[in-house]
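Some notes on the structure that comes next.
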Amino acid sequence: MSEVKIKLRNVNKSFGKKVVLRNLNLDVYKGESLVVIGGSGTGKSVLIKCIQGLLTPEDGSILVDDQEVVGIEEKDKEALHSKMGMLFQGGALFDSLSVWENVAFDLIENKGYNKKDARNEAIRVLRSVGLDPDVADLSPAELSGGMQKRVGLARAIISRPEIIFFDEPTTGLDPIMADVINDLIVESVKGLGATALTITHDMASARKIADRVAMLYKGEIIWQGTVKDLDKTDNPYVVQFINGRSQGPIKTGV
Amino acid sequence: MIILRKIENFLRRQGKPLVNFIFKVGELFIFISQTVYNCFTPPFYWRNFTRQVIDMGFYSLPVVGLTTIFAGMVIALQSYSGFASVGAESMVASVVLISVTRELAPVLSALMVAGRIGAAMAAEIGTMRVTEQIDALTTLSTNPFKYLVSPRVWAGLVVMPILVLIGDVIGIFGGYVVGVYKLGFNPANYINATLDELQALDITTGVVKAAVFGFIISLMGCYNGYKSKGGAQGVGEATTNAVVSSSILILIFNYIVTELFFSR
């Protein structure tokens, strides 16, 4: 795990006067599953969007496979995205397309698959995330939250990406469904041999998915280590966060 | 000193809205240039284009038909009541023809389509924005401008002229119905008067206006949807802004195109 897949150096991002990421440094190694934990509004989603080139930092460097993402040109951005998959917090499934068309979107639009082959491949991947082929022709609005997450996962992995991002994968799910999604994420990431970057504030999810955990607080990585290190650390921020205590150095606005 | 301070305070109050206005104008021009560039560069999403043509064209036919037929009927009635007083009733067919083809069919159809389709575009794209579907498109190596905006703009450019041509025929037919069945004109004379007055310029003006209006409707629908922020409230604002801004621009560009064709 020595090869760095994603490298962030001194990344700064703000919206108006609100500083979201400040001098952020982080390495994600090839083949590892890194989980970034942190409270709401600490900049976790912004971090992922900066790495994907969806947001541009004011300052700093983001390297993916040694390719600079900050200021990347549009044509290079498409090539960059072709090696990435993403499971969005709300699924972000396209309402105007059926479930199988959502899953097979990249195959049809970018990889030149014909509809029949794309549909067969979509159904195969839907099966791999525990969904029955009967859901293939439904529209996303007809699915439950858990099913939408599975479809989103199927869409993220169908092109066998090298890097997969998971944005709050268990938010809004009951604990059992959350555990099912966590298992599927672990299976998919290990099966593909992909590098995974997950952001979450669900500690059960973090413990299950992560090889390594990093904590983001006020736009900075204030701690990182393995899952085992989580329970040994005496970092007061981490201790407060993983135990869900209201008392401690982390102050939340009410 | 007090006056100077008042002026300073006034300028300070005006500063932020002014900067915001300049920012918005700049943002719109960048959006237009990106739209035009992406309209002429591959790939082109035919399926999305076809869907927009059906939504914007086929499903707008009833509303365009109703608008133009009543516009033609009203013009026939109004012009008759005016011309009868000076003994120029024979001009009714000409007035209906010119009013419908040059002004009423393009402008009224465009305003109706702006309300129907411009709002729908802003709502759909705005919802896609706030539910991260546009980000999802980008992460799937698909340019949102080419996938969402370009097919809608092309559909607006192609469909509106066809709708207006159909509206021309229906509007003139409305005038004919009132002229013949209510005002007692001879049908053959009414048709001959219409055909005698028909000039290519009238139709061309209407078609050019329609293409411009189609571009405006699609552009403002996409722009307001694409830039929407927040949740349901942001999408609601985008929808309202799309209809209001495209309606105002339609009226402004109606004057500009008329000036280009008919100024001496």
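The values are calculated or read from the model by the stated rules, or taken from the named source; none is laboratory data. Please read these numbers as outputs of a predicted model, since none were measured by experiment. Backbone-built Cβ (ideal geometry, glycine too); neighbour counts: all protein chains shown. Quick note on the areas: whole protein, heavy atoms, side chains included, nothing else; ligands and nucleic acids left out. Shrake-Rupley method; radii C 1.70, N 1.55, O 1.52, S 1.80 Å.
Measure off, as a whole percent, the carbon and sulfur share of the 1.4 Å-probe accessible area of the range A:41-142, all protein chains present. The partial results should precede the final answer.
Numbers: 1950 of 4430 Å².
The nonpolar share, carbon plus sulfur, comes to 44 percent.
In the neighborhood of B:SER90, defined by Cβ-to-Cβ distances under 13 Å, what is the net charge if each Lys or Arg adds +1 and each Asp or Glu adds -1? Taking every other residue near B:SER90 into account, the sum is -3. Put simply, when A:16-27, B:214-225 are sorted by average Cβ atoms within 10 angstrom per residue, most first, you get B:214-225, A:16-27. The Cβ shell under 10 Å around A:PHE88 holds other residues with a net charge of -2, Lys and Arg each +1, Asp and Glu each -1.
Please report the carbon-and-sulfur percent of the accessible area for the range B:174-216; probe 1.4 Å, protein heavy atoms only, DNA, RNA and ligands left out. That share works out to 61 percent.
At 0.36 nm per residue, minus the direct Cα-Cα distance, what do A:VAL186 and A:ASN23 gain on full extension? Give it in nm, one decimal, please.
Length difference between fully extended and current span is 55.6 nm.
At a Förster distance of 56 Å, what's the computed FRET efficiency of B:VAL158 paired with A:ASP179, Cβ-Cβ distance as r, to 0.05?
Working: r = 52 Å, r/R0 = 0.92.
Computed FRET efficiency for B:VAL158 and A:ASP179 comes out at 0.60.
Given +1 on the Cβ of Lys and Arg, -1 on the Cβ of Asp and Glu, and no further charges, what dipole in debye does the protein assembly as shown carry about its Cα centre, rounded to the nearest 20? Spell out each step's value before the answer.
Details: 50 positive and 49 negative charges, 262 e Å.
Taking the Cα centre of the protein assembly as shown as origin, the dipole is about 1260 debye.
Based on the Cβ-Cβ distance of B:LEU198 and B:THR50, what FRET efficiency does E = 1/(1 + (r/R0)^6) give at R0 = 25 Å, to the nearest 0.05? Walk me through the numbers before you get to the answer.
Numbers: r = 33 Å, r/R0 = 1.31.
Between B:LEU198 and B:THR50 the formula returns 0.15.
Measuring against 29 Å, Cα to Cα, the residue pairs A:LYS190/A:LYS228; A:LYS190/A:LYS251; A:LYS18/A:LYS77 contain A:LYS190/A:LYS251 as the ones spanning a longer distance. For chain B, the longest principal axis of the Cα atoms and the long axis of helix B:2-39 meet at an angle of about 70 degrees. Peptides A:195-206, A:177-188 ranked from most to least packed by the mean count of surrounding Cβ atoms within 10 Å: A:195-206, A:177-188. Average accessible surface for the range B:26-137: 44 Å² per residue, computed with a 1.4 Å probe over protein heavy atoms with every protein chain in place. In the Gaussian network model of chain B, springs joining C-alpha atoms below 10 Å, which of B:SER247, B:SER81, B:SER150 carries the largest mean-square fluctuation? Per the Cα network of chain B with a 10 Å cutoff, B:SER81 tops the list. For a paramagnetic label modelled at 7 Å from the Cα of B:LEU61 toward its Cβ, which residues of the range B:149-188 fall within the zone defined by backbone nitrogen distances under 18 Å? Residues B:156, B:158-174 fall inside that zone.
Solvent-accessible surface of the range A:182-254, averaged per residue with a 1.4 angstrom probe and all protein chains in place: 51 square angstrom.
Of A:VAL70, A:SER144, A:GLY112, which is farthest towards the positive pole of the range A:18-148's charge dipole, taken about the Cα centre with +1 and -1 on the beta-carbons of Lys, Arg and Asp, Glu respectively? Farthest along the dipole direction, towards plus: A:SER144. Among the lysines of chain B, pairs that are 8 or more positions apart or on different chains and have alpha carbons within less than 30 Å of each other number 13. Taking all protein chains as they are arranged and a probe of 1.4 Å, the heavy atoms of A:ILE108 leave approximately 50 Å² accessible to solvent. What is the calculated FRET efficiency for B:LYS182 to A:THR233, with r their C-beta to C-beta distance and R₀ = 60 Å, to the nearest 0.05? FRET efficiency, B:LYS182 to A:THR233: 0.10.
How big is the A/B interface in buried accessible area, both sides summed, 1.4 Å probe, to the nearest 100 Å²?
Details: alone 12190 and 14170 Å², together 24550 Å².
By this definition, chains A and B bury close to 1800 Å².
Which whole number gives the average, over all residues in A:152-159, of C-beta atoms from other chains lying within 10 Å of the residue C-beta? Walk me through the numbers before you get to the answer.
Values: counts 1, 0, 0, 3, 3, 0, 0, 2.
Partner Cβ neighbours, averaged per residue: 1.
Amide H contacts of A:GLY219 (H built 1.01 Å from N, in plane; Pro and chain starts excluded): no residue 5 or more places away or on another chain comes under 5 Å.
If we count every other residue with Cβ under 13 angstrom of B:GLY234's Cβ, Lys/Arg +1 and Asp/Glu -1, where does the sum land? Write out the running numbers ahead of the final one.
Details: positive: B:ARG129, B:LYS227, B:LYS229; negative: B:GLU237.
Around B:GLY234, the surrounding residues sum to +2.
List, by residue number, every residue in the range A:50-64 with a reduction of 50 Å² or greater in accessible area between the chain on its own and the complete protein assembly, 1.4 Å probe. Buried-area filter returns A:LEU54. Taking every full run of DSSP H in chain A, the ones that stretch at least 24 Å from end to end by Cα along their long axis and average 0.5 or higher on the Kyte-Doolittle scale are A:175-192. When a/c is below 1.5 the answer is rounded, else prolate if a/b is larger than b/c, else oblate, so apply that to the range B:6-93 with a ≥ b ≥ c taken from the square roots of the Cα gyration tensor eigenvalues. In terms of gyration-tensor shape, oblate.
For the peptides B:2-13, B:199-210, what is the packing order when you average, over each peptide's residues, the other Cβ atoms within 10 Å and list the highest mean first?
On the way: B:2-13: 9.1, B:199-210: 18.0.
Listed from highest to lowest mean packing, they are B:199-210, B:2-13.
For the peptide A:98-111, the mean number of other protein chain Cβ atoms found within 10 angstrom of a residue's Cβ is 2. Computed from backbone phi, the HN-Hα couplings of the range B:66-77 come to 5, 4, 6, 5, 6, 4, x, 5, 5, 4, 4, 5 Hz, rounded to whole numbers (Karplus: 6.51 cos²θ - 1.76 cosθ + 1.60, θ = phi - 60°; Gly and Pro given as x).
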